[in-house]
1. Between helix 370-418 and the chain, what is the angle of the helix's C-alpha long axis to the longest principal axis, kept within 0 to 90° and rounded to the nearest 10?
2. I'd like the distance separating the alpha-carbon centroids of segment 329-374 and segment 244-265, in whole Å.
3. If the chain between Asp27 and Ile200 were fully stretched, how many nm would it gain, using 0.36 nm times the residue separation less the Cα-Cα distance?
4. What is segment 1-142 by shape, rounded, prolate or oblate, if you read a ≥ b ≥ c off the alpha carbon gyration tensor as root eigenvalues and call it rounded for a/c under 1.5, prolate for a/b larger than b/c, and oblate otherwise?
5. Name the aspartates and glutamates eligible as straight-distance cross-link partners of Lys387: C-alpha to C-alpha under 15 Å, and not fewer than 8 places from it in the same chain.
6. Work out, step by step, the length gained on full extension between Asp135 and Ser45: first 0.36 nm times the residue separation, then minus their alpha carbon distance; give nm to one decimal.
7. Output the direction-averaged projected area (hull surface divided by four) of the convex hull of the alpha-carbon atoms of segment 496-649, in nm².
8. If you place +1 on the Cβ of every Lys and Arg and -1 on the Cβ of every Asp and Glu, how big does the dipole about the Cα centre of segment 122-206 come out, in debye to the nearest 20?
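Throughout, read-outs are computed from the coordinates displayed, never taken from laboratory work. No experiment lies behind these values; they were computed from the predicted model shown. No Cβ is skipped: glycine too gets one built from the backbone with ideal geometry, and neighbour counts run over all protein chains shown.
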Amino acid sequence: MARESMSNLDLHVWVKLSNSILGCRIDNVYAIGDNIVFRLRGGASGALLIQPGTRIHLTKRTGMLEKPQGIAYSLRRYLRESKIMSIEQLGFDRVARFTIGSNILYVEVLPRGFIVLTDSNNRIIASSRYASLRDRVIKQGLEYKPPPLQTLNPFALDVDIVAERLQAGVDIVRGLIKGLGLPGEVAEEVTYRSGLKPDIKPDSLSKTDINVIVSELRKLYLESLEGKGYLVLIDDKPVEATPFKPLRFTSHSIIEYTDFNDALDELFSRRIEAIDAELEAEKSRLEKSLREAMEMKGKYEAEAERLKVIAEAIARNYDIVNSIVECVKLNWRSRESNKCMNVVSVDYNNGYYDLTVEGFNIRVFYGETPQDTIIRLYREAGEYMGKAERAQHAIEGVLRDLEELEVKVKARALASKIKTRRVYWFERFRWTITRNSILAIGGRDASQNDSMVRKYLLDNDIFLHADIKGGSAVILKTVRVKPTVDDIRDAAILAACYSKAWKIGYASIDVYWVYGHQVSKSAPPGEYLRTGAFMVYGNRNYLNNVKLELALGVAIDSRGYPIVVVGSKDVVSMYSKVYAIILPGDGTVDEVTDSIREKMASILDKSEKHIALAIRREDIRDKIPGNSRLIKVNRGMGETINLDIFESI
């Protein structure tokens, strides 16, 4: 089974060999799908690629770099031009800590791991996602706490400790995994190198066996620190990349690299290529199965029809056939039945004969009456029709599989195309479009609120904010058209839903609005405005009880790219192919994200199903304000959304 992520040994080795990265400056930060790419300036060969939950390594395959959003945008903002001062592994586990300038970056390559950026006091500035977990909370402003870590280095243990810890497993391999915390591939390799059978019980090991195991552990560890990498191919598919030569795979293809980074890069990059190849191979297999099933169905139906026609011919010529049957019966013992009229052959040993009627060759078994033969032929025809029906069911199953595969192929192709989509300036903020095509933008955090108001709020624009401390400042841009009350209400949805009220679980909240000239970033004499705070002068206009109901949909822009849009139900349903309605609730952001994607794909026609699947999971997740409840998923009107008109605002 192909490796899904780096192991604790992989990360340990990578950190030990990362000297070329130390001292480099981060030239820029980009994204490739869910991957973060750091362009480095200095001695490193290649860019630094980080994929939470999966890998960290240098890569020469940067491909189509995307303008950063979410965590990538925060990393660009805080880390650009900063120097990488140090890289450490936490304990002996799959968590790395980068000290970059005055900030700290944590990368977890554990399943569902996080990328977390903190300040020098370890307070969270940004994360790839936020969550309340059983043993920690990942939230802005809180201190970052890693998951429970393995602190023991299994390669530095003495013989007695290894012997004791091996008892944790029912066999030697599982003892190495459970007792010592070794990755599965390392446990299997050490067992192989030790000359021991994998299923041997730990309590049956001799002291000599334990000594051999410890010796092989240390040899493997020292070999891993040499910096080489080895890629294992089975049936030309990459299954494993290790910093040691996997001797247990010597019967397969092993490619050696002088740099472990290159082996990791090949493993994960070729896995993507292998998936494409597997899809094509699966398509060919299904198409072959379809042809065979259709061919068999045709044969079964033709044979059933032939038998029915013969039975009908016997019925029309019943008297003639009956006389032939009587003649055969009379001459059977003398073995002269072949002399009877229309009999073309006789098989006395197997008890049947062939006769012709109306040009049909008919097989009749000795002792059968014409009526018996007719009944038998209809029964056999029915059996063939049953086979034809089963073949039809098989055809329908293959067609369903082909349809699902076609959706996957189209989704992957569209996902690749989406990576080339132009990202507009306002997409780094929260944004929506009102029913009269007016752009509204909102800050993702206090810092964005601050910079957004400074740069984009004009005197005649409308400024909105939920009547609660903590939330997105929203600007309704009025350059092109004067907004109506409905436009202001559409923008108010953004202010309400992306406020603290959602996380508290309110059903509704008042939202006030004022004109841009009423908002100032300058504090009165002797006072101080914190980041994200504003002075509002004059009367405030209130929209009371704005419902915390957010519509989230998949729309198609004027260039044919699918994008995720949010806002009021009236607007989102107008532009979206399919949309969801969410309210504050108990479902985690990840749970609701997965549920939305699944239900969106299920509700779309087969010709459009791939559109929902092509959208990055992160693009949906990023739009969900917090723990939520999915109310419904509906088809929208699907009007094309033109974002170009807002580029010059």
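1. In the chain, helix 370-418 runs at an angle near 20 degrees to the longest axis.
2. Each part reduced to its Cα centre gives a spacing of 72 Å.
3. 57.0 nm
4. Because its axes are fairly even, with a/c under 1.5, segment 1-142 counts as rounded.
5. Answer for Lys387, where 15 Å is the Cα cut-off: Glu292, Glu295, Glu301, Glu303, Glu305, Glu396, listed by chain and number.
6. This chain segment gains 28.6 nm when fully extended.
7. Average of the hull's projected areas for segment 496-649 equals 11.2 nm².
8. So the magnitude is around 620 debye.
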